[in-house]
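Values quoted throughout were computed directly from the atomic coordinates according to the rules given, and no laboratory measurement underlies them. Being a predicted model, the structure only gives us computed values, none of them experimental. All Cβ positions, glycine included, derive from the backbone under ideal geometry; neighbour counts span all protein chains shown.
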Amino acid sequence: MAVYNYDVVVLGSGPAGEGAAMNAAKAGRKVAVVDSRREVGGNCTHLGTIPSKALRHSVRQIMQFNTNPMFRQIGEPRWFSFPDVLKSAERVIDKQVSSRTGYYARNRIDLFFGTGSFADEQTVEVVCPNGVVEKLVAKQIVIATGSRPYRPADVDFRHPRVYESDTILTLSHTPRRLIIYGAGVIGCEYASIFSGLGVLVDLIDNRDQLLSFLDAEISDALSYHLRNNNVLIRHNEEYESIEGLDNGVILHLKSGKKIKADALLWCNGRTGNTDKLGLENIGIQVNGRGQVEVDQNYRTDVSNIFAAGDVIGWPSLASAAYDQGRSAAGNIVENDSWRFVDDVPTGIYTIPEISSIGKNERELTQAKIPYEVGKAFFKSMARAQISHEPVGMLKILFHRETLEVLGVHCFGYQASEIVHIGQAIMNQKGEANSIKYFVNTTFNYPTMAEAYRVAAFDGLNRLF
Ligand SMILES: Cc1cc2nc3c(=O)[nH]c(=O)nc-3n(C[C@H](O)[C@H](O)[C@H](O)COP(=O)(O)OP(=O)(O)OC[C@H]3O[C@@H](n4cnc5c(N)ncnc54)[C@H](O)[C@@H]3O)c2cc1C
């Protein structure tokens, strides 16, 4: 068994692992990264964020081609299969792996491909695919092993028509009818992708409102547009059992309903990748979801071991994972790059896209904060009209006395980009975070950012 010595060893090469490794390496530390996959990028690149966003982009292009009258001059609406659109996602994955592999090489970070586990608090053993075991000894170790779909014992995931968000990427046909069980962010995103391909989707929600953490108006808009695209949303339902057939599945619900479809996509919950880490050897406990607890410095109960990304739970986003990893390493190298990551915007790549930051109307009303609302509808904006993207709205919530921007909620074209303008203003101190910024600043025209000016005037006009 070969033994290698490092300052920092990072387990996992997803966004959290990459953020940690780059920060430590740039501060001059000798760093190694271990990943059980033979390529870097993590589940984010191979199974989660990147493939789902690439799929969505292709589906949006197909929808535009099929609905924009201009394209009728070059052909009738066309149907594309799921495997067709998957191919374009695979090309993006390859490009991402190649860029990220380059980052590790440029920063002189050693990569070990194999499954890592703790032998003791400073030693990680890596079992490589060829059976060879490498021993890495490090002063500090960062756990960034991410998460995977939760698989309840009473659902048979070996059945060829039962998928979860990882295995759906192996789907080799296009179902006519698909059940998506679980209407969280991943379930709603896949409902948009499949319905965009013309698949009839039954979206099963355990609750009475889609994505209830969103502003109610935005959640309502999502429900409307999903239904408009042939998604049948069934609220307040729970599964009793899932029956596999030769050519499909029947979902038995506790309410007595039975739903038949060609396939079922399970999107209900995730679990931290901690079971193979040998945490019992170093006394780190995990919760019922396999997640590791950390303090505000991303430190576990063992002082030289840190954790970041999905493996620590909330918010389980790639965006946050990168910064958490960077912050964990910031603690190790003490280079002022630490911050506790709690200012994460919401970006949801449904059709339409959704994004928000700050408080919503429900929260402000409950807190008895006197706020006012300013809105801009994309259907009236030049850039949206030029782009044939009339669906959408930007809503700014601001304090009616101080004019401080308290929340920005958006759905429609470019929503996840647009929100950052509001986020930048909300992060300013004193009067600089006033809604007046949007009426006293000249923006490019025509742009989607113009929505801020329109919404700000709309809101300020409501004051008396
Ligand atoms: C369908 C889907 C869509 C998503 N869309 C978005 C989105 O649009 N925006 C967003 O911000 N987030 C999105 N997410 C969430 C995002 O993908 C995760 O938050 C992110 O991947 C977490 O990064 P991470 O670095 O913690 O871990 P991961 O990306 O999960 O990477 C962890 C890595 O560790 C490796 N590993 C595990 N165990 C070991 C071990 N014992 N030894 C060595 N290596 C190990 C794994 O193989 C993996 O490569 C999505 C997730 C899914 C499933």
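When the convex hull of its Cα atoms is viewed from all sides, the stretch 162-268 shows a mean projected area of 6.2 nm².
Phi angles of the stretch 27-37 translate, via the Karplus equation with coefficients 6.51, -1.76, 1.60 and θ = phi - 60°, into HN-Hα couplings of 8, x, 7, 8, 10, 10, 10, 10, 9, 6, 8 Hz per residue; Gly and Pro are given as x.
Of all aspartates and glutamates in the structure, those lying under 18 Å Cα to Cα from Lys276, and not within fewer than 8 positions of it along the same chain, are Asp35, Asp120, Glu121, Glu125, Glu134, Glu293, Asp310. Above 42 Å, the calculated P(r) of the chain contains 22 percent of its Cα-Cα pairs. The residues neighbouring Val126, those whose beta-carbon lies less than 10 Å from its own, together hold a net charge of -2 under the Lys/Arg +1, Asp/Glu -1 convention.
In the stretch 255-352, what trypsin sites (Lys or Arg not before Pro) fall in a loop by DSSP, with at most 15 other Cβ atoms inside 10 Å? Counting only loop positions with at most 15 other Cβ atoms within 10 Å, the trypsin sites (Lys or Arg not before Pro) in the stretch 255-352 are Lys257, Lys276, Arg289, Arg339. Beta-bridge orientation, the chain: approximately 55 percent antiparallel, per DSSP, counting only bridges with both partners inside.
Applying a threshold of 24 Å to the alpha-carbon distances of Lys53/Lys95; Lys53/Lys260; Lys26/Lys429 flags Lys53/Lys260; Lys26/Lys429 as lying beyond it. Note on Ala382/Ser212: beta-carbon distance plugged into 1/(1 + (r/R0)^6) with R0 of 30 Å gives a FRET efficiency of 0.30.
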